[in-house]
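The structure under discussion appears below in the form of structure tokens.
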Amino acid sequence: STTEEFPFQIVDFHHKGTTHSTYAANPTLHKLAPFQAWINPMDAASRGIADNDKVRLVSAQGEIRTTAKVTNRVIPGTIMYPQGAWHRADMQGDRIDHGGCSNTLTSRHCNPVSKGTGQHSVIGTIEKVEG
């Protein structure tokens, strides 16, 4: 369930520019299909977020810096974020992931069936980054 602190369900999806993390560092594909936080126009308007604004996605587990894609293809109350980006954070400093790895937001507890993090959604929030 969402909370006052984390009012959105953040769901990751397979990105058209990658196969899991393969090709995530390809600059040509990244220009054609950037990793962006997809947000419904109503949610974006209520938070002062416009298309391509710099945003932060935050969950209890971590934070990603990325840009917003305002689109009707997402239902209100949900943020869609592609999986496959490579983690890039100063783990001795602020720990903010500027690479955009969706696993930054999810639990690090392994699923006994998949032997990996079987989590593809988490509650969280999105905020516009000023500057």
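By the Stokes-Einstein formula, at 1.567 mPa s and 4 °C, region 1-73 with its Kirkwood radius over alpha-carbon pairs has D equal to 95 µm²/s. Taking 7 Å steps out from each Cα toward its Cβ at Arg88 and Thr67 produces label points 1.4 nm apart. In a reduced charge model with +1 at each Lys and Arg Cβ and -1 at each Asp and Glu Cβ, region 1-60 shows a dipole moment near 300 debye about its Cα centre.
If I take every Cα pair under 8 Å that is 6 or more residues apart in region 3-64, average their sequence separation and divide by the length, what percent do I get for the relative contact order?
19
Computed extension length for Phe6-Ile75: 23.2 nm, one decimal, from 0.36 nm per residue of separation with the Cα-Cα distance subtracted.
Each stretch of four or more DSSP H residues adds -39500 (n - 2.57); spread over every residue of the chain, this sum gives -2000 deg cm²/dmol at 222 nm.
Report the number of Lys pairs in the chain whose alpha-carbons are under 23 Å apart, with separation of 8 or more residues or on distinct chains. So the count of such lysine pairs works out to 9.
The C-alpha atoms of the chain occupy a region whose extents along the principal axes are 39, 37, 32 Å, arranged from largest to smallest. Once C-alpha pairs closer than 8 Å and six or more residues apart are averaged by separation and normalised to the residue number of the chain, the relative contact order reads 34 percent.
Kindly work out what percent of the DSSP beta bridges joining two residues of the chain are antiparallel, to the nearest 5. Once the DSSP bridges in the chain are tallied, antiparallel ones form about 60 percent.
Quick note: the coordinates plus some simple rules give every number you see, no bench work behind them. Just so it is clear, the structure is predicted and the values come from calculations on it, not from any experiment. Every residue, glycine among them, receives a Cβ derived from its backbone with ideal geometry; neighbour counts consider all protein chains shown.
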